[in-house]
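Written out below as structure tokens is the structure these notes cover.
The values are calculated or read from the model by the stated rules, or taken from the named source; none is laboratory data. Just so it is clear, the model here is predicted, and its values are computed rather than measured. In this analysis, Cβ positions are derived from the backbone assuming ideal geometry, glycine residues included, and neighbour counts consider all displayed protein chains. The protein model used for the area step is the full one, side chains on, heavy atoms only, and it has no ligands, DNA or RNA in it. Shrake-Rupley method; radii C 1.70, N 1.55, O 1.52, S 1.80 Å.
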Amino acid sequence: MHLAYPAVLSALLFCTGLYGVLARRNAILVLMSVELMLNAVNLNLVAFDVWLSKAAEETLHSGQALALFTIAIAAAEIGIGLAIVLAVHRSRGTADIDKLRDTAEGHDPDDPDSDADAPTTRAAVTKAEATA
């Protein structure tokens with residue numbers, strides 16, 4: 001088999017994962033897209049290892065060893081990432097990345113009465129009502 005077939009498939013998988021990371025709003029889908037990108041890298045590592053082992057006298061299979069290492073790191077990453085996403089979902093009630101970023105900045109994009117210069121914390125609102 002030619003090297004071009006797995007290389008093109010790997011490029012397509014990586015581009016699909018990159019699109020998923022850039023376009024998705026759900027944190028779990030972003031983690032799945034990162035996994036897709038890592039699998040594309042694994043495919044490239046194994047394909048180039050097989051291609052280079054045909055030319056070399058000694059086959060070390062370093063690409064396959066690196067692919068196994070990448071799989072182990074990806075498993076740890078997805079475990080920690082899902083734990084963080086579940087903890088954030090329990091505390092904030094959503095896994096939407098845009099809403100989480102907006103709540104971290106201190107304003108609610110769904111609130112039609114919010115202004116740029118309006119007080120954003122509950123303490124500031126109660127203090128303003130008490131002085132009025």
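Give the residue, chosen from LEU38, LEU29, LEU22, LEU45, that is among the aliphatic types (A, V, I, L, M) and over 25 Å from ILE97 (Cα atoms).
Working: LEU38 fails: over 25 Å from ILE97 (Cα atoms); LEU29 fails: over 25 Å from ILE97 (Cα atoms); LEU22 fails: over 25 Å from ILE97 (Cα atoms).
Every option except LEU45 fails the conditions.
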>> Is it the case, given these coordinates, that LEU45 is within 19 Å of ARG24 (Cα to Cα) and modelled with pLDDT of 85 or more?
In response: no
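May I ask you to list the residues in the range 42-60 that are among the hydrophobic types (A, V, I, L, M, F, W, C) and more than 25 Å from ALA74 (Cβ to Cβ)? Quick ask: steps written out before the conclusion?
The initial filter retains those residues of the range 42-60 that are among the hydrophobic types (A, V, I, L, M, F, W, C), namely 43, 45-48, 50-52, 55-56, 60.
Result: ALA55, ALA56.
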> Failed condition for ASP98, given (1) farther than 21 Å from LEU22 by Cβ; (2) at pLDDT below 90; (3) open to solvent by less than 80 Å² (accessible area, probe 1.4 Å), with all others met?
Replying inline: (1)
